[in-house]
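Asker: There's a structure below that I have some questions on.
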Amino acid sequence: MEQLLHYVWKHKLFPLKPLRTTDGMKLEVIDTGLWNTDSGPDFFNAKIKINGVLWVGNIEIHTKASDWKTHHHVGNTDYDNVILHIASEIDYEPCRSNGEKIPQMELHYPAYLLEGYNELIRTDHYPACYKIIPSLPKILMHSWLNTLQIERFEEKTKRISKLMDKYNNNWEDVFFITLARNFGFGTNSDAFELWAQTIPLRAVDKHRDNLFQVEAIFFGQSGLLDSVYDDYTDKLLKEYTYLKHKFGFTTSENCRWKLLRMRPGNFPHVRIAQLAKLYHTSQGLLSKILEAETIEQLKPMLETDTSEYWITHYTFGEISTPVKKNLSVSSINLLIINTVIPFLYAYGKYRGINRLTVRASEMLETLKPENNFITRMWRECGLEAAHAGDSQALIQLKKNYCDPKKCLYCRIGFEYLKKS
């Protein structure tokens, strides 16, 4: 219930009577501070007056005052700037590391707030807040979706930054790994990322003009080429064995490819073949993407198909009806949404090129919204995505607020509790 106390403090849902500390001093709240969701004090840079004296610093909140000791804050200098400790049950006197006592305030949440919060977190199918969505002001929802869109950009930028640290700030390598991950289209995303991290790109670059050799390395590293099925796989295995010996690269045994209940066109064999063809034909792809100013310029850069073998195959050795395995328009759009646009944003932030971050947002808002179970759920709740920026925001809302039950951090949850 500590989160409810955070909520009460943040939104100043205090009793109507004058506020006082536990030792009777008059307390005035000027600014509740910035809500901190990471480690450290719960609110930063708050402003309060105690007996008319202005204090500026941090706020720490617990259900019981003795949680100060339970949470190992005793003697921790990170909490020396706490100017007020708040708790529902006062059973302890907290001190700074130098022994100074910290003023305390007893605070309780109203019964209606607990009741509304329980309604929010106990729902199973739709989020309980769906009842009020149609009645919310459009400007409020527009503002919240914009915030969520930026949050999602920042989240993807952090993922890219971690890969940059791992790969010595090599943008080409990190772009390939990110692109490969999104060639998994959800089901095989983790497997594709693990696989991509085993691809020796510098070695592949030396044979990039030969599609067969690119396929030999790609399939050899995937573990899918584990035996001879026909003449083509026999040749691939021999070529892979030669190249592996030549460059001395190692394979990974962690890739767990999924084929169960999957459409054949999404089999990892087909996706790897498409990625091999794209890598073969698109040298300098990242540079071209960074120069593109419109979605229409981007789309042809990601168009790809496969080598001739895959026209009559979905897996090795099993002949199927001839079908050219082009990357579909919807797949290209998803790659733009999940790879290209986040890379524009991340690169723009890293290099301090503001026009790239602005372009990323503008591009996202020119694409049609994604059609998946999350966007369909919100549509049924009365929240329609107007473009891909909105659909990304709705995915962020579902995964980062609804699923972990962070209703107290959500603007829709706030409106729900306000009306309850």
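The values are calculated or read from the model by the stated rules, or taken from the named source; none is laboratory data. Worth saying up front: this structure is predicted, and the values here are computed from it rather than measured. Glycine also receives a Cβ, built like all others from the backbone with ideal geometry; neighbour counts cover every protein chain displayed. Each accessible area value is taken on the protein alone, full model and side chains, heavy atoms only, with ligands, DNA and RNA left out. Shrake-Rupley method; radii C 1.70, N 1.55, O 1.52, S 1.80 Å.
Asker: Between rounded, prolate and oblate, where does the range 313-420 land on the alpha carbon gyration tensor, with a ≥ b ≥ c its root eigenvalues, rounded for a/c under 1.5, else prolate if a/b exceeds b/c? Mind dumping the intermediate values first?
Answerer: On the way: a/c = 2.57, a/b = 1.45, b/c = 1.78.
Oblate, because a/c is 1.5 or more while a/b does not exceed b/c.
Asker: Only residues of the range 191-207 count here: report those whose backbone N is under 18 Å from the spot 7 Å along Cα→Cβ of ASP226, or say none.
Answerer: Residues passing the 18 Å test: 191-192, 194-196.
Asker: In whole Å, what is the distance between the alpha-carbon centres of the range 145-162 and the range 273-292?
Answerer: Value for the Cα centre distance between the two parts: 24 Å.
Asker: Still on this structure: Of the beta bridges DSSP finds with both residues in the chain, what % are antiparallel, to the nearest 5? Don't skip to the end; give the middle numbers.
Answerer: Numbers: 16 of 25 bridges.
Counting DSSP beta bridges with both partners in the chain, the antiparallel share is about 65 percent.
Asker: State the Cα centre-to-centre distance between the range 178-253 and the range 10-63 in whole Å.
Answerer: The range 178-253 and the range 10-63 have Cα centres spaced 58 Å from each other.
Asker: Here is a follow-up. How many nm is it between the label spots at LYS246 and LEU140, if each spot is 7 Å from the Cα in line with the beta carbon?
Answerer: Between LYS246 and LEU140, the label points sit 6.4 nm apart.
Asker: Would the chain count as rounded, prolate or oblate if I go by the C-alpha gyration tensor, calling it rounded below 1.5 in a/c and otherwise prolate when a/b exceeds b/c, oblate otherwise?
Answerer: Working: a/c = 2.67, a/b = 2.16, b/c = 1.24.
It is prolate, given that a/c is not under 1.5 and a/b is the larger ratio.
Asker: Give the long-range amide H neighbours of PHE43: residues separated by 5 or more places, or on another chain, with amide H under 5 Å away, using H modelled in the peptide plane at 1.01 Å from N.
Answerer: ASN36, ILE59
Asker: Right, next: With angles folded into 0 to 90 degrees, how steeply does helix 268-281 sit against the dominant principal axis of the chain? Use alpha carbons for both and round to 10.
Answerer: The helix 268-281 is inclined about 80 degrees to the chain.
Asker: Let me ask something additional. Enter the angle in degrees (range 0 to 90, nearest 10) between the Cα long axis of helix 211-222 and the first principal axis of the Cα atoms of the chain, meaning the one along which they spread out most.
Answerer: 50 degrees
Asker: Give me the distance in nm between label points sitting 7 Å out from Cα along the Cα-to-Cβ direction at VAL74 and LYS206, one decimal.
Answerer: 6.3 nm
Asker: Of all the accessible heavy-atom surface of the chain, with the other protein chains kept in place and a 1.4 Å probe, what percent is carbon and sulfur?
Answerer: Values: 10560 of 21210 Å².
Within the chain, the accessible surface is 50 percent carbon and sulfur.
Asker: Please tell me the relative contact order of the range 55-200 in percent, rounded to the nearest whole number, where contacts are Cα pairs under 8 Å and at least six residues apart. Each step should come with its number before you reach the end.
Answerer: Values: 136 pairs, mean separation 18.1, N = 146.
It rounds to 12 percent for the range 55-200.
Asker: Okay, moving on. Antiparallel versus total DSSP beta bridges in the range 1-95: what percent is that, nearest 5?
Answerer: Numbers: 14 of 20 bridges.
Close to 70 percent.
Asker: Residue farthest toward the positive end of the dipole of the chain, with Cβ of Lys/Arg at +1 and Asp/Glu at -1: which of TYR347, HIS72, SER135?
Answerer: SER135
Asker: Given a cut-off of 23 Å, name the pairs among LYS138/LYS349; LYS277/LYS349; LYS162/LYS349; LYS156/LYS299 whose C-alpha atoms lie farther apart than that in the structure shown.
Answerer: Over 23 Å apart, Cα to Cα: LYS138/LYS349; LYS277/LYS349.
Asker: Run the numbers on the chain and let me know its relative contact order in percent, using alpha-carbon pairs under 8 Å that are six or more apart.
Answerer: Details: 589 pairs, mean separation 56.2, N = 420.
Computed over the chain, the figure is 13 percent.
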